[in-house]
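The values are calculated or read from the model by the stated rules, or taken from the named source; none is laboratory data. What you see is a predicted model; the values in this text were computed from it and never measured. Here the Cβ positions follow ideal geometry from the backbone for every residue, glycine too, while neighbour counts run over all protein chains shown.
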Amino acid sequence: MKRVYTQEVDAFIREHASEMTCREMLTKLKEEFGFKATYVSVHSYYTKNHIQTCPRKGRKRPELRITTPEMDLYIHENHKGTGPTEMAARVNERFGTNFSQKQMSSYYKRNHLRSGLTGHFEKGQESWTKGKTWAEFMSPEGMENSRKYQFKKGNIPHNGNVPVGEMRIRIDRRRYRYWWQKLAQPNVWRQKHVLEWEKHHGPVPEGYVITFCDGDTTNWHIENLILSTKAQHAVKNRERIHGYDRESEIAANAIAELKITAARKRKKKGTKK
């Protein structure tokens with residue numbers, strides 16, 4: 001049978017809801033009115049009518065509102081161009097409160113307030129320190145600490161004191177490893193396999209690259225290097241026909257050149273294959 005909450009029952013619930021939990025209210029209703037209902041029924045009645053029950057034992061209901069209507073009006077009227085940190089300071093000074101930046105930031109989010117500040121340097125914006133000396137915007141302690149970390153005249157960075165002739169392995173964006181050699185100070189480096197080729201054969205012609213016969217990009221010795229056109233190198237990569245020694249790499253170049261020639265003839269005839 002449908003439970004009927006009379007006016008007397010409703011008034012009793014609303015009057016004493018803040019004094020007891022939902023289960024305690026159910027017990028009280030049975031004692032006072034002989035009310036026959038379940039916990040689920042009473043709890044649903046609370047929910048439908050937006051009735052707040054008392055907090056659980058040992059817990060204190062938090063104060064939901066931490067600002068007064070006057071504070072709300074002030075914040076809403078002045079939030080444009082004012083971030084949470086500055087607004088917290090202004091509200092604390094004006095109303096004698098102690099809001100933190102985190103509390104004010106949460107207030108902005110709850111009330112969908114946007115200050116319009118991005119934190120970015122706008123085009124044409126000048127630094128606030130422009131034209132000022134250290135003493136005008138830094139404390140004596142700050143100036144002293146800054147001097148400790150200034151570059152001194154003739155200073156050499158920790159990674160710049162590498163002697164000429166030193167070799168290092170570097171990894172490129174494709175995760176290939178290559179030997180590099182330092183040629184001059186302060187920071188002139190070139191790939192070792194290119195230097196080795198130029199030592200025996202002169203500069204690398206335009207449109208050509210140096211490849212490694214055994215596929216090991218750290219093996220820069222001249223017997224492991226071979227000259228290929230960029231087109232041949234591209235075809236070998238696409239078709240995966242690289243060699244594993246000098247003879248097979250030369251054969252791979254020849255196969256690549258045949259494919260390039262065939263493609264040119266097909267293009268000239270206007271056929272797809």
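So is Gly165 modelled with pLDDT of 90 or more and exposed (fewer than 10 other Cβ atoms within 10 Å of the Cβ) or not? Criteria met by Gly165. Flag: Glu239 does not match the condition of being acidic (Asp, Glu), under 17 Å from Met167 (Cα atoms) and within 44 Å of the chain's Cα centre (by Cα). Within segment 75-86, the set of residues being without any contact (Cβ under 8 Å) to a residue 24 or more places away in the chain, surrounded by 14 or more Cβ atoms within 10 Å (Cβ to Cβ) and more than 30 Å from Met143 (Cα to Cα) comprises Asn78 only. Output the residues belonging to segment 115-143 that are surrounded by 10 or more Cβ atoms within 10 Å (Cβ to Cβ) and of a type in the set (D, E, K, R). Answer for segment 115-143, where residues must be surrounded by 10 or more Cβ atoms within 10 Å (Cβ to Cβ) and of a type in the set (D, E, K, R): just Lys132. Of the residues making up segment 172-181, at least one is out of contact with any His (no Cβ under 7 Å at 6 or more places or on another chain), within 30 Å of Gly154 (Cβ to Cβ) and not aliphatic (A, V, I, L, M). The C-beta contact set for segment 1-19 (first residue closer than 13 Å to Ile51 by Cα and in the same structural domain as Glu31 (by TED's automatic domain parsing), second residue at pLDDT 80 or above and not in a helix (DSSP H, G or I), distance under 9 angstrom, 6+ apart or interchain) comprises Asp10/Asn49; Ile13/Asn49; Ile13/Ile51; Arg14/Asn49; Arg14/Ile51; Ala17/Ile51. Only one entry of Asn219, Asn237, Asn253 meets the criterion of being surrounded by 14 or more Cβ atoms within 10 Å (Cβ to Cβ), part of a helix (DSSP H, G or I) and in the same structural domain as Lys199 (by TED's automatic domain parsing), and that entry is Asn253.
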